[in-house]
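The values are calculated or read from the model by the stated rules, or taken from the named source; none is laboratory data. Everything numeric in this text was worked out from a predicted model, so none of it was measured. Cβ: placed from backbone, ideal geometry, glycine included. Neighbour counts: every protein chain shown. The area values use the complete protein model at the heavy-atom level, side chains included, leaving out ligands, DNA and RNA. Shrake-Rupley method; radii C 1.70, N 1.55, O 1.52, S 1.80 Å.
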Amino acid sequence: MKEQYMADILGKVKTIALVGASEKTHRPSYKVMEYLLDQGYNVIPVSPKLAGQTLLNQPVVSQLSDIKQPVDMVDVFRNAEAVYGVAQEAIAIGAKVLWLQQGIINEEARLLAENAGLDVVMDRCPKIEIPRLGLEK
């Protein structure tokens, strides 16, 4: 993955839908969401289990289609098998970036998203990449 590609994405993204959000403070999705909020991103947690609640003072939605504002990036904390469906939803809401967390690789979802015009990052974590790329605020 080219550093400049990721830096460009992280530099232009403002609103992130975090799919697979968890209220458990020890989970990576919680820690990454907390970090992204601290970095000034608008983060919308997506979790059917937590829908209607708040997480880190952000209202939780059940699915991407419930988000009522433009989404720049969909950050995915789901298993690789679920990613194709998330990619379809990301395309449907007009997201610009599909970001798959560390350990998540799905080539079919990547092709689907790229063919629809989305930038795709797989097997990376923005909480690691932001400081590594010198983008930390």
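Of the accessible area of the range 6-137, with the probe set at 1.4 angstrom, what percent is carbon plus sulfur?
Within the range 6-137, the accessible surface is 48 percent carbon and sulfur.
Using alpha-carbon pairs under 8 Å, 6+ residues apart, how would you state the relative contact order of the range 59-137 in percent?
With pairs under 8 Å counted, the relative contact order is 27 percent.
Between the range 76-115 and the range 14-40, how many Å separate their Cα centres?
Comparing the Cα centres of the range 76-115 and the range 14-40, I get a distance of 17 Å.
Taking Rg and Dmax of the Cα atoms in Å as the quantity of interest, determine which of (i) 13.5, 38; (ii) 21.0, 66; (iii) 14.5, 48 was computed from the displayed structure.
Only one option fits the structure, namely (i).
In a GNM of the chain with a 10 Å cut-off on Cα contacts, which of LYS14, LYS24, LYS127 has the highest mean-square fluctuation?
Looking only at LYS14, LYS24, LYS127, the biggest GNM fluctuation is shown by LYS24.
Could you provide, to the nearest whole Å², the per residue accessible area of the chain with probe 1.4 Å?
50
Net charge within 12 Å of GLU3 by Cβ-Cβ distance, Lys/Arg positive one each and Asp/Glu negative one each, not counting GLU3 itself?
Cβ neighbours under 12 Å give a net charge of +1.
Let me cross-check GLU108: its accessible surface, 1.4 Å probe, with only protein heavy atoms counted, in Å² to the nearest 10?
Accessible area of GLU108: about 120 Å².
In square angstrom, rounded to the nearest 10, how much accessible surface does ARG132 have for a 1.4 Å probe?
110
Pairs of alpha-carbon atoms within less than 8 angstrom and 6+ residues apart define the contacts here; what relative contact order does the chain have, in percent?
Reported as a whole number, the value is 23 percent.
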